[in-house]
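Novice: One structure coming up, written as structure tokens, with questions to follow.
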Amino acid sequence: MSDTHAESIAFVRESSLPPAAPPDKVGGPLKWVKDNLFPTWANAILTLVALYFLYLLLAGSLPWLLNGVWSASSLSECREILDGASGACFSVLSERWHQLLFGFKYPSDQYWRPTLALVLLFLAAAPVLFIDLPRKMLLFTGLYPFLAFWLIWGGPIWGPIFALLGVIAGYVVYSRLVHKSFALALAGGLAAAVVVWYIGGFIGDVLRPASPLLEAIPSRDLGGFMLNMMLGITCVSLSLPIGIALALGRQSHLPIVKGICVVFIEFVRGVPLITLLFVANVMLAYFFPPGSGVDLFIRVVIMITMFSSAYIAEVIRGGLAALPKGQYEAADSLGLDYAQAMRLIILPQAMKISIPGIVNIAVGLFKDTTLVSVISLFDIIGMIRGPILASTDWNGVYWELFMFASLLFFIVCYGISQYSQWLERRLATDHR
């Protein structure tokens with residue numbers, strides 16, 4: 001070995017070299033623009049046309065938005081302030097925001113009640129939507145519907161209390177009997193709940209004078225965007241389990257059960273929702289016992305729930321049909337009965353497949369709640385078309401009001417869409 005090689009010392013780098021920047025022609029904003037906006041002559045022309053239309057849209061709308069008037073008591077005063085310039089009259093929002101959100105009859109000193117119910121809704125829905133949260137929070141989720149009912153409608157608290165006790169009694173009886181027979185447990189749970197509710201009605205009448213009271217507010221006084229939220233949340237929550245039952249019934253081997261489910265689904269899907277709302281307004285009261293006094297809100301909830309449950313049933317039936325036959329055979333090989341197989345193996349996979357369709361139905365249903373304005377329920381669209389535009393102060397203001405309503409619906413629907421996409425990514429186990 002030569003002296004040169006004998007005296008050489010091995011070199012080992014202790015730290016990594018920082019990554020070199022890509023060449024200008026490989027990365028950077030210019031490359032992104034070239035690859036995404038101007039990759040070909042045809043795409044370049046489409047990009048320029050789109051930019052031109054975007055310029056026209058912004059040039060016409062930005063001055064109208066930026067010159068908007070927020071402090072005026074009428075449309076004529078807005079026009080005096082603008083003095084011929086282009087600008088929106090947003091004063092109608094600052095003057096009538098309470099009617100747009102709560103309706104024109106809901107007492108202004110009671111706005112805290114639906115606001116608190118909305119805040120508690122997020123707390124109650126969190127453990128259902130996000131499984132990582134503590135399961136003990138589900139106790140409040142079960143309590144929330146009764147608390148929200150009392151907060152919004154007010155009156156004696158004994159009605160919600162006995163309604164909750166009936167549900168608890170039904171659940172206890174169901175849990176005791178479910179190991180013997182699912183049908184027996186379901187029938188026993190319903191019977192126990194009905195008995196508690198029946199007895200609670202008499203006890204509530206006796207205790208009514210001594211009960212903590214909130215001011216009672218009839219359903220006719222509910223309105224604004226609050227009414228849309230209440231109808232959307234209530235009907236989606238009720239239609240999902242009913243839709244699951246209808247989907248399973250349509251695939252049943254029992255001819256009577258299958259026939260009833262098929263007739264119900266096909267009939268409801270063949271009738272427009274607005275027709276069902278007119279039925280709820282005019283005819284549905286005749287199907288209840290005389291003197292029962294079922295108000296219009298409950299009747300509308302029944303009809304919208306029937307309508308959406310039929311569509312959800314078809315979506316879930318598609319998810320069930322997409323499962324391979326081997327899943328059913330695997331459940332049979334484990335010795336599971338029908339209820340256990342559906343609860344543990346079949347339905348979880350079918351529901352995962354059906355998420356996009358269910359979300360699509362939920363978003364459409366929430367927007368369809370604006371149809372209740374045709375039967376004299378003053379939701380946010382009914383408030384705009386009725387009391388606000390009918391007043392002499394704001395007759396002629398259209399864009400500002402309908403843009404505000406569109407923004408509220410967009411926020412809710414976009415939130416639902418983003419959650420569904422997150423849930424699909426969370427449940428995407430095919431690549432693992």
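The values are calculated or read from the model by the stated rules, or taken from the named source; none is laboratory data. On a predicted model such as this, the values are computed, not experimentally measured, just so you know. When we count neighbours, we look across all protein chains shown, and the Cβ atoms used for this are built from the backbone with ideal geometry, even at glycine.
Novice: Condition first: of a type in the set (Phe, Trp, Tyr) and part of a helix (DSSP H, G or I). Can you find one or more residues in the range 98-110 that meet it?
Specialist: yes
Novice: Given (1) loosely packed, with under 15 Cβ neighbours inside 10 Å; (2) touching a Ser or Thr at 6+ places or on another chain (Cβ under 7 Å); (3) not assigned by the TED database to the domain that holds ILE388, identify the lone condition not met by ALA72.
Specialist: Of everything listed in (1) loosely packed, with under 15 Cβ neighbours inside 10 Å; (2) touching a Ser or Thr at 6+ places or on another chain (Cβ under 7 Å); (3) not assigned by the TED database to the domain that holds ILE388, ALA72 misses just condition (1).
Novice: Restricting to the range 250-269, what's the tally of residues that are over 27 Å from the mean Cα position of the chain (by Cα) and in contact (Cβ under 8 Å) with a residue 60 or more places away in the chain?
Specialist: 1
Novice: If you check GLY319, GLY270, GLY259, which single one turns out to be surrounded by 12 or more Cβ atoms within 10 Å (Cβ to Cβ) and closer than 30 Å to SER420 by Cα? Step through it out loud before you land on a result.
Specialist: On the way: GLY270 fails: surrounded by 12 or more Cβ atoms within 10 Å (Cβ to Cβ); GLY259 fails: closer than 30 Å to SER420 by Cα.
GLY319 is the lone residue from the list that is surrounded by 12 or more Cβ atoms within 10 Å (Cβ to Cβ) and closer than 30 Å to SER420 by Cα.
Novice: A further question follows. For the structure I just gave you, tell me whether ALA21 is more than 30 Å from LEU389 (Cα to Cα) and either surrounded by 10 or more Cβ atoms within 10 Å (Cβ to Cβ) or among the hydrophobic types (A, V, I, L, M, F, W, C) (or both).
Specialist: yes
Novice: Among the residues of the range 112-124, how many are loosely packed, with under 15 Cβ neighbours inside 10 Å and either out of contact with any Phe, Trp or Tyr (no Cβ under 8 Å at 6 or more places or on another chain) or in the same structural domain as ARG385 (by the TED database) (or both)?
Specialist: 5
Novice: Does any residue of the range 50-61 turn out to be closer than 30 Å to ILE152 by Cα and over 24 Å from the mean Cα position of the chain (by Cα)?
Specialist: Scanning the range 50-61 turns up no residue that is closer than 30 Å to ILE152 by Cα and over 24 Å from the mean Cα position of the chain (by Cα).
Novice: Further question on the same structure: Mind checking which residues of the range 149-197 are within 30 Å of LEU101 (Cβ to Cβ) and outside any helix (DSSP H, G or I)?
Specialist: Of everything in the range 149-197, those that are within 30 Å of LEU101 (Cβ to Cβ) and outside any helix (DSSP H, G or I) turn out to be GLY154, GLY155, PRO156, ILE157.
Novice: Please go through the range 97-123 and pick out each residue that is more than 19 Å from LEU143 (Cα to Cα) and out of contact with any helix residue (DSSP H, G or I) (no Cβ under 7 Å at 6 or more places or on another chain).
Specialist: TRP97, PRO107, ASP109, GLN110, TRP112, listed by residue number.
Novice: Just for the range 87-111: of the residues that are of a type in the set (Gly, Ala, Ser) and surrounded by 13 or more Cβ atoms within 10 Å (Cβ to Cβ), which one is nearest to MET383 (Cα to Cα)?
Specialist: Among those that are of a type in the set (Gly, Ala, Ser) and surrounded by 13 or more Cβ atoms within 10 Å (Cβ to Cβ), it is GLY103.
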